[in-house]
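Here's the structure we're looking at; comments come further down.
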Number of protein chains: 2
Amino acid sequence: MAVAELTESEREVWLRTLSNWTLAREGKAIQRNFEFPDFNAAFGFMTRVALLAEKHDHHPEWFNVYNRVEVTLTTHDAGENGGLSHRDAKMAKAMDALAGS
Amino acid sequence: MAVAELTESEREVWLRTLSNWTLAREGKAIQRNFEFPDFNAAFGFMTRVALLAEKHDHHPEWFNVYNRVEVTLTTHDAGENGGLSHRDAKMAKAMDALAGS
């Protein structure tokens, strides 16, 4: 099911509320690097995000090595070739909350 | 604590037993891409590997998007600048077993 891609002005508004995230892939994705005290904390975070991602059927692309988690969010069925939607904004905010920042 | 880096002949012997893995980073790491039916299966696999990794204090570098998990194994304290050790071989075999192949 297609999801509405955010307009440029919508994107700007919510990017201001997501200060730790940066635009990537020519505006079609957002990224944030999380750092935790150790692997236990990093994977604990990933597990909580995974449950949420599965519940909302909106999954991150992510890379983990030890205490670091590098996340990319995009909506594959937004716009013509994927893009940012309200689902990415919601997930980004949820991840910030779960990481405690 | 330093871990012994595998010699070239040791490496060749066990690479023959790890047919799904390929050498990377100029012989200092091995990589394998796993594919599962869906995110539930992929993250379930990651969770089982995470428990094992934490138990043995030997953690993978990995990237996940939906049903795919791309894994790199290396031993940071092997050799002068990191390299492959018996710990990577054990972890690779354990991951193959957990993935059912």
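Read the figures in this text as sums done on the coordinates, not as results from a lab. Everything numeric here is computed off the predicted structure, so don't read it as measured data. Neighbour counts are summed over all protein chains in view; Cβ atoms, including those assigned to glycine, are modelled from backbone coordinates with ideal geometry.
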Percent of Cα-Cα pairs per 5 Å bin, from 0 to the last occupied bin, for the protein assembly as shown, please list those. 1, 7, 15, 17, 17, 14, 11, 9, 6, 3, 1, 0
Which peptide among B:11-23, B:36-48 comes first, and what is the full order, when sorted by highest mean count of other Cβ atoms within 10 Å? B:36-48, B:11-23
Defining a contact as two alpha carbons under 8 Å apart and six or more residues distant in sequence, what relative contact order in percent does chain A show? 34 percent
Calculated FRET efficiency for the pair A:Glu80/A:Asn33, C-beta based, R₀ 35 Å, to 0.05: 0.75
Return the FRET efficiency for the residue pair A:Glu54, B:Glu10: r is the Cβ-Cβ distance, R0 is 45 Å, and the value is rounded to the nearest 0.05. 0.65
To test your reading of the geometry: what angle, between 0 and 90 degrees and rounded to tens, separates the Cα axis of helix A:86-98 from the longest principal axis of chain A? 20 degrees
If we hang a label 7 Å off Cα along the beta carbon direction at B:His56, how far is it from the matching labels on the other copies, in nm, shortest first? 3.6
Computed FRET value (nearest 0.05) for A:Asn67 with A:Glu26, which takes r as the C-beta separation and R₀ as 30 Å: 0.50
